[in-house]
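Visitor: Got a structure for you, written out below as structure tokens; questions coming shortly.
Every read-out reported here was derived from the displayed coordinates using simple, explicitly stated rules and does not represent laboratory data. Remember, it's a predicted structure, so these values are computed and weren't measured experimentally. So basically every Cβ, Gly included, is an ideal-geometry build from the backbone, and we count neighbours across all protein chains shown.
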Amino acid sequence: MNIRKETKEHWDAVYAEKSWEQVSWHQKSPEPSLTWIHSLALAKDAHILDMGCGESYLIDALLQKGYTHISAIDIAQEALEKAKRRQASPAVKYLCADAARLPNLAPVDFWHDRAVFHFLTNEKDQQAYLSSIKQNLRPHGYVLLATFAPDGPLKCSGLEICQYSTQGLQSFLGSEFALLKEQRIDHTTPTGSVQKFNCALFQFLPK
Ligand SMILES: C[S@@+](CC[C@H](N)C(=O)[O-])C[C@H]1O[C@@H](n2cnc3c(N)ncnc32)[C@H](O)[C@@H]1O
């Protein structure tokens with residue numbers, strides 16, 4: 001599979017060197033994602049994809065709620081191995097892949113991306129990601145994008161990111177995506193600093 005080598009090496013090294021509790025994006029409770037997913041009353045066998053899942057507790061929480069069709073994708077095999085050891089369940093399929101070079105996936109009902117899309121800093125990669133979302137998301141499916149906000153940090157894990165307001169996310173996704181919810185978030189990192197995030201939920205309504 002086509003994966004950008006440098007990007008993969010960066011993230012594999014992060015997960016090899018740091019524990020889950022040490023990374024700046026660590027969240028004890030995967031909110032508002034979990035509440036928003038729950039509010040949609042999806043079928044328990046709906047296909048939920050966590051793009052750039054890392055070692056997030058979102059998948060553990062989804063398993064606890066009885067979801068049976070979950071995909072966990074990350075560019076870092078190291079992260080997937082750690083997550084697998086904790087979560088091990090036939091309900092979760094793990095795939096090491098690059099968000100900017102995704103293969104075809106089984107049709108997705110809910111596409112979750114917390115702090116992953118914002119690492120795609122050039123237009124070609126951003127457009128490739130958008131094509132993958134449109135190709136793989138079912139009509140009437142959902143996409144949640146959580147990124148650093150315009151008054152948030154400019155870098156994460158030593159890498160440049162792109163900041164987004166909800167309006168910026170809407171203009172990236174285009175008119176086939178209807179905004180359902182948005183929330184500004186003050187994320188407190190394990191070292192106590194506060195990072196401004198913007199989180200928005202859209203529904204895919206292709207014409
Ligand atoms: C800031 S962390 C967020 C992890 C997780 N989503 C969370 O909220 O805890 C970014 C994650 O995206 C992954 N990642 C970065 N670039 C990626 C890419 N191009 N394709 C897939 N995963 C990527 C990293 O390995 C890392 O796990």
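Visitor: As a check on your grasp of the helix formula, calculate [θ] at 222 nm for the chain: sum -39500 (n - 2.57) over DSSP H runs of n ≥ 4, divide by the residue count, round to the nearest 500.
Guide: It comes out at -8500 deg cm²/dmol, rounded to the nearest 500.
Visitor: Give me the Debye-computed log₁₀ of I(q)/I(0) at q = 0.18 Å⁻¹ for the range 1-80, equal point scatterers on Cα only, no solvent, two decimals.
Guide: -0.80
Visitor: Now, a different point. Could you tell me the largest-minus-smallest coordinate of the C-alpha atoms of the range 104-207 on each of the three principal axes, in descending order and whole angstroms?
Guide: 43, 27, 23
Visitor: Here's something else I'd like to know. Subtracting the Cα-Cα distance from 0.36 nm times the residue separation, let me have the gained length for H38 to E9 in nm, one decimal.
Guide: Answer, rounded to one decimal: 7.0 nm.
Visitor: Please report, to one decimal in angstroms, the Kirkwood hydrodynamic radius of the range 158-207 built from all distinct Cα-Cα pairs. Please report the intermediate quantities before stating the final value.
Guide: Values: mean 1/r = 0.0800 Å⁻¹.
Here the Kirkwood hydrodynamic radius works out to 12.5 Å.
Visitor: Another question about this same structure. For the chain, compute the orientation-averaged projected area of the C-alpha convex hull (one quarter of its surface), in nm². Don't skip to the end; give the middle numbers.
Guide: Values: hull surface 42.0 nm².
Over every viewing direction, the Cα hull of the chain projects on average to 10.5 nm².
Visitor: Taking the Cα centre of each part, how many Å lie between the range 7-37 and the range 91-119?
Guide: 15
Visitor: Give a quick list of GluC sites (Glu not before Pro) in the range 6-108 that DSSP marks as loop, anything other than H, G, I, E or B, with at most 10 other Cβ atoms within 10 Å.
Guide: Sparse-neighbourhood loop GluC sites (Glu not before Pro): E21.
Visitor: Could you give the dipole magnitude of the range 82-158 about its Cα centre, charging the beta-carbon of Lys and Arg +1 and that of Asp and Glu -1, in debye to the nearest 20?
Guide: 460
Visitor: Convert each backbone phi in the range 90-105 into a coupling constant with the Karplus relation 6.51 cos²θ - 1.76 cosθ + 1.60 (shift: θ = phi - 60°), then list the ³J(HN,Hα) values in order as whole Hz, x for Gly and Pro.
Guide: x, 6, 10, 9, 9, 9, 8, 7, 9, 4, 8, 9, 6, x, 5, 10
Visitor: Net charge near R184: determine it from the other residues with C-beta under 11 Å of the C-beta of R184, scoring Lys and Arg +1 and Asp and Glu -1. Could the numbers behind the result be given before it?
Guide: Numbers: positive: K196; negative: D151, E182, D186.
Local net charge: -2.
Visitor: With the cut-off at 23 Å, report for the range 28-141 the share of all Cα pairs above it, as a whole percent. Walk me through the numbers before you get to the answer.
Guide: Details: 1560 of 6441 pairs.
Distances greater than 23 Å cover 24 percent of the Cα pairs.
Visitor: Moving to a separate point now. If you average the sequence gap of Cα pairs under 8 Å that are 6 or more apart and divide by the length of the range 118-178, what percent do you get for the contact order?
Guide: 39
Visitor: Multiplying the sequence separation of H140 and E21 by 0.36 nm and subtracting their Cα-Cα distance, what value in nm do you get?
Guide: 39.3 nm
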